[in-house]
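Participant: To start, I am sharing the structure in question, which I have written as structure tokens.
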Amino acid sequence: MQVEETPLKDCFLIKPTIFRDHRGIFLETYQRKRFAEISGIDEEFVQDNQSVSKYGVLRGMHYQKGGYAQTKIVRVIYGRVLDVVVDLRPDSPTFGQTHSVILDDENLHQLYVPKGFGHGFLTLSEKSVFAYKCDHYYTPGSEAGIIFNDPDLDIDWNFPERSMILSEKDKELPTFKEVFG
């Protein structure tokens, strides 16, 4: 396993070791002790989530507030997505900055998303199966988000907005300035 820093503080790209042979592949998607040794981060994950999305579905930009904030490790089981994070921690040197990465079933990379980050993804394949490993239980009253097309965040989704499929809730999310002034 390789763990690489991204441009955003405390956010890491995880590249698992993949064993390939004539039968297919095998990889260890997560091993707590090894991840802690490499990254210096030792999290206890308590909930796994999975979503299935069709081409053009954008989910985000979501986060949980306060004591219910979640650290996540996200990955694609099937398909291809553009995964985007934004640092929403006001005391962070990368506050308000975004980072995007392609996650797919070929590279099998994962993204470590720390507490205090907004997260979203756009499905670029016919279908995607997306998995989230979370260190805190989902709490409906603490969910929040920032609108995906926020002009201050200026996220390049590299996809026509008119072709995106969003939930009604995600279409109504506030802007970065409305939340953080």
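Participant: Taking the condition farther than 15 Å from Asn158 by Cα, among the hydroxyl-bearing types (Ser, Thr, Tyr) and modelled with pLDDT of 95 or more, does Ser128 pass?
Facilitator: The answer is yes for Ser128.
Participant: Also, quick follow-up: Have a look at Asp135, Asp105, Asp154 and point out the one that is of a type in the set (Asp, Glu) and on the phi > 0 side of the Ramachandran plot. I'd like the intermediate steps shown before the answer.
Facilitator: Numbers: Asp135 fails: on the phi > 0 side of the Ramachandran plot; Asp105 fails: on the phi > 0 side of the Ramachandran plot.
None of the others qualify; the one that does is Asp154.
Participant: Considering only segment 4-45, how many residues are farther than 20 Å from Ile77 by Cβ, in contact (Cβ under 8 Å) with a residue 40 or more places away in the chain and of a type outside the set (D, E, K, R)?
Facilitator: Residues in segment 4-45 being farther than 20 Å from Ile77 by Cβ, in contact (Cβ under 8 Å) with a residue 40 or more places away in the chain and of a type outside the set (D, E, K, R): 6 in total.
Participant: Looking only at segment 153-167, count how many residues are among the small types (Gly, Ala, Ser) and assigned to a loop (DSSP other than H, G, I, E, B). So that I can check it myself, show each step before the final result.
Facilitator: Kept after step one, since they are among the small types (Gly, Ala, Ser), are these residues of segment 153-167: 163, 167.
Retained after the next criterion (residues that are assigned to a loop (DSSP other than H, G, I, E, B)): 167.
So the answer is 1.
Participant: Could you please find all residues in segment 157-168 being surrounded by 10 or more Cβ atoms within 10 Å (Cβ to Cβ) and either acidic (Asp, Glu) or in contact with an Asp or Glu (Cβ under 9 Å, 6 or more places away or on another chain) (or both)? Reasoning before the result, please.
Facilitator: The initial filter retains those residues of segment 157-168 that are surrounded by 10 or more Cβ atoms within 10 Å (Cβ to Cβ), namely 157, 159, 161, 164-167.
Scanning segment 157-168 gives a single hit, Glu161.
Participant: Given Val113, Val179, which one is surrounded by 15 or more Cβ atoms within 10 Å (Cβ to Cβ), β-branched (Val, Ile, Thr), modelled with pLDDT of 95 or more and touching a His at 6+ places or on another chain (Cβ under 6 Å)? Even if it seems obvious, please write down each step before you answer.
Facilitator: Numbers: Val179 fails: touching a His at 6+ places or on another chain (Cβ under 6 Å).
Selected residue: Val113, the only one of Val113, Val179 that is surrounded by 15 or more Cβ atoms within 10 Å (Cβ to Cβ), β-branched (Val, Ile, Thr), modelled with pLDDT of 95 or more and touching a His at 6+ places or on another chain (Cβ under 6 Å).
Participant: While we're here: Report every pair of residues separated by at least 6 positions or lying on different chains whose Cβ atoms are under 9 Å apart, first residue within segment 147-173 and within 20 Å of Arg80 (Cα to Cα), second assigned to a helix (DSSP H, G or I).
Facilitator: Close Cβ pairs (under 9 Å, with a partner that is assigned to a helix (DSSP H, G or I)) amount to Phe148/Glu161; Phe148/Asp170; Phe148/Lys171.
Participant: Another one. Out of all the residues in segment 52-70, which are under 14 Å from the mean Cα position of the chain (by Cα), not hydrophobic (A, V, I, L, M, F, W, C) and not in a strand (DSSP E or B)?
Facilitator: Step one: of segment 52-70, the residues under 14 Å from the mean Cα position of the chain (by Cα) are 58-64, 69-70.
Narrowing further to those that are not hydrophobic (A, V, I, L, M, F, W, C): 59-60, 62-64, 70.
Across segment 52-70, the qualifying residue is only Gln70.
Participant: Within segment 14-54, restricting attention to residues that are among the basic types (Lys, Arg) and farther than 24 Å from Lys115 by Cβ, which residue is surrounded by the most Cβ atoms within 10 Å (Cβ to Cβ)? Explain how you work it out, then say what you get.
Facilitator: In the first step, residues of segment 14-54 are kept if they are among the basic types (Lys, Arg); the result is 15, 20, 23, 32-34, 54.
Adding the requirement that they be farther than 24 Å from Lys115 by Cβ leaves 20, 23, 54.
Numbers: Arg20: 9, Arg23: 7, Lys54: 12.
Only one residue fits best here, namely Lys54.
Participant: Tell me which residues, restricted to segment 130-152, are crowded, with 19+ Cβ neighbours inside 10 Å and in a loop (DSSP other than H, G, I, E, B).
Facilitator: His136, Ile146, Ile147, Phe148, Asp150
Participant: Something else now. Considering every residue within segment 92-108, establish whether at least one is of a type in the set (A, V, I, L, M, F, W, C) and not in a strand (DSSP E or B). If you could, list the steps in order and put the result at the bottom.
Facilitator: The first filter runs over segment 92-108 and keeps only residues of a type in the set (A, V, I, L, M, F, W, C), leaving 95, 101-103, 108.
Of the ones still in play, those that are also not in a strand (DSSP E or B) are 95, 108.
Checked segment 92-108: at least one residue is of a type in the set (A, V, I, L, M, F, W, C) and not in a strand (DSSP E or B).
Participant: Given the conditions (1) in contact with a Lys or Arg (Cβ under 6 Å, 6 or more places away or on another chain); (2) over 19 Å from Lys9 (Cα atoms), report the number of the one that Thr71 does not fulfil.
Facilitator: (2)
The values are calculated or read from the model by the stated rules, or taken from the named source; none is laboratory data. Being a predicted model, the structure only gives us computed values, none of them experimental. Quick reminder, even Gly has a Cβ in these numbers, built from the backbone with ideal geometry, and neighbours come from all protein chains shown.
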